[in-house]
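Inspection log for the structure reproduced underneath, given as structure tokens.
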Amino acid sequence: MILAIETSCDDTCAAVIENDGQIRSNVISSQESHGRFGGVVPEIASRQHLELINLVIEQALGQAAATLDDLELLAATQGPGLIGALLVGLSTAKALAAARELPFAAVDHLQGHVAANFLKTAGGERGAFEPPFLCLIASGGHTLLASVAKHDGYEVLGRTLDDAAGEAFDKGARMLGLGYPGGAALERLGASGDPGAFSFPGSATERARGGRGAQHRAFAEGLDFSFAGLKTALLYTLRDLPEGELPARAADLAASYQAAIVETLVTRTERALERTGSERLAVGGGVAANGELRRRLGELPVSVHIPDRLLCTDNAAMIASAARFGERLAYPAYLGLDAYASGESPR
Ligand code: KG4
Ligand code: ZN
């Protein structure tokens, strides 16, 4: 069995999976205390990870009906993420491994989101989705399209040039007066709204009007993403809204804003499928919990695998899944491993 820990942001997560990718437990403790600050406060996040981590590990072992004696491999997210937060999970996992002289796997968070697709869900009712496939990763910090040819790596075909899709959701939610993180709240608000009420950049109506110059067209036809213009468009729309009209228009604004993000993600994904000739699509990252995105991607004429919502948002089962296929370091080679905040592993 594999025990993995994920503490890259504000969720304290531990999971136990079997060596074949079957999930035994997947405990996620979300820190509620950041909402009033409108975003994650790094120092508060690390302190709360410290308070929660042992409890979360005990729960993960308990739910898996396992003890430390059953573990063959320890794993943790090494980066990217908040450095103090990462260090709590990484140090804990290294310490558990070292105490038993077990091997250790340091996992890249994005590789974890990809590897969520390799998991079998409880009871095995949904099987694993194996490479090769095209993968759309859309989270709070990253948005990318990747060609996944093997279990332990991927090639980036397109990425966001500014905000990540989740960041766009969160900033829009904030402008609409919803809490943090706002993706799910914005989705709920938009459920009763008209997605065609406002024409935001990236939306189907806006695209139908055609490009704005050669440079814009070159970008619009590529595989990269951009969400900064959308955010500004919402800001101006809100500013220009007649006094007192926001409550009556909030659901329409949320639905239209969501539609623009989803449209951008879906059109780029379709284009990447065409260009690569791939007939298999997988998805990952917190934004993949969005119902409208799941519905639209599910309609694409290829074989589509969308992990359960809890495996799309941050969790440790996906880290354990990546650990199955990544490099394992024998004791004590991993003791000096450090976390990294951005980019890729310094190893
Ligand atoms: O992957 P994730 O849990 O953490 C990061 O690695 O960033 O992604 C979090 C992001 C947040 O921006 C959150 O607002 C967004 O995923 N998100 C959603 C939904 N649920 C979470 N966005 C849109 N609709 C949702 N239902
Ligand atoms: Zn994530």
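The values are calculated or read from the model by the stated rules, or taken from the named source; none is laboratory data. Model, not experiment: these values are computed from the prediction. As a convention, Cβ positions derive from the backbone with ideal geometry for all residues, glycine included, and neighbour counts pool all protein chains shown. In case anyone asks, the SASA skips ligands and DNA or RNA and just uses the protein heavy atoms, side chains included. Shrake-Rupley method; radii C 1.70, N 1.55, O 1.52, S 1.80 Å.
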Given the structure, is Gly21 on the phi > 0 side of the Ramachandran plot and open to solvent by less than 20 Å² (accessible area, probe 1.4 Å)?
yes
Being modelled with pLDDT of 95 or more, assigned to a loop (DSSP other than H, G, I, E, B) and more than 16 Å from ligand 2 (Cβ to nearest atom) is the requirement here; does Ala65 meet it?
yes
Looking at Arg324, Arg309, Arg294, can you tell me which residue is of a type in the set (D, E, K, R), within 16 Å of ligand 1 (Cβ to nearest atom) and open to solvent by 50 Å² or more (accessible area, probe 1.4 Å)?
Arg309
Identify all residues within segment 221-253 that are open to solvent by less than 40 Å² (accessible area, probe 1.4 Å), part of a helix (DSSP H, G or I) and farther than 30 Å from Val156 by Cα; write none if there are none.
Thr237, Leu238, Ala250, Ala251, Asp252, Leu253
Tally up the residues in segment 81-131 that are open to solvent by 40 Å² or more (accessible area, probe 1.4 Å) and within 15 Å of ligand 2 (Cβ to nearest atom), please.
1
Listed residues Ala272, Ala341; which is surrounded by fewer than 24 Cβ atoms within 10 Å (Cβ to Cβ), touching a Gly at 6+ places or on another chain (Cβ under 9 Å) and outside any loop (DSSP other than H, G, I, E, B)?
Ala272
Please find, among Glu6, Glu51, the residue that is modelled with pLDDT of 95 or more and within 15 Å of ligand 1 (Cβ to nearest atom).
Glu6
